[in-house]
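FYI, it's all coordinate maths here, none of it is from the lab. Only a predicted model underlies this, so the values are computations on that prediction, with no experimental measurement involved. Here the Cβ positions follow ideal geometry from the backbone for every residue, glycine too, while neighbour counts run over all protein chains shown.
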Amino acid sequence: PDYHPGAQADVPAQPDSPKPPANAGPSAEEVAQVHEQMTGLDARASAVSSSVENLKRQQEAEGLGLRRDMAAAYARMNSYLRSANDELNRGNITAARDHMDKADKEISTLESFLGK
């Protein structure tokens, strides 16, 4: 047989191992779990919103305003919840969870402030 530099010897083909789909997406169970978590956050946020709005009205009647740090926490809570909902609607569970975790921290801050 002639020698050919750079030529490779025939190697028997190896069977392809099964590979998971590159972007399988979240399971139905994960989606349901995140929606359940979001429902809980929405309920807590609703209660906090009602209390914050009542406090704001009371303080405005006295010529005062809501503490800046609490007003900022309230704004961030609402922003994170909107972002979480947007990501859920897009099917991006990872990003939704991240926003939900951030919203949860803001809700907890406000609940502590309100004595709940």
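The table below lists the values:
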| quantity | calculated |
| --- | --- |
| Inter-label distance, nm, simple model (7 Å from Cα along the C-beta direction), Arg67/Glu111 | 1.8 nm |
| Gain upon complete extension [Val31, Gln59; 0.36 nm per residue less C-alpha separation] | 6.0 nm |
| Sum of side-chain charges, Ala96 neighbourhood, beta-carbon under 14 Å (Lys, Arg +1; Asp, Glu -1) | -4 |
| Rough spin-label spacing in nm, given labels placed 7 Å along Cα→Cβ, for Asp98 and Arg82 | 1.9 nm |
| Built amide H within the under 5 Å cut-off of Leu66, gap 5+ | none |
| Residue-wise HN-Hα coupling along segment 47-54, computed from phi with Karplus coefficients 6.51, -1.76, 1.60 (Hz; x: Gly, Pro) | 5, 5, 4, 4, 5, 5, 5, 4 |
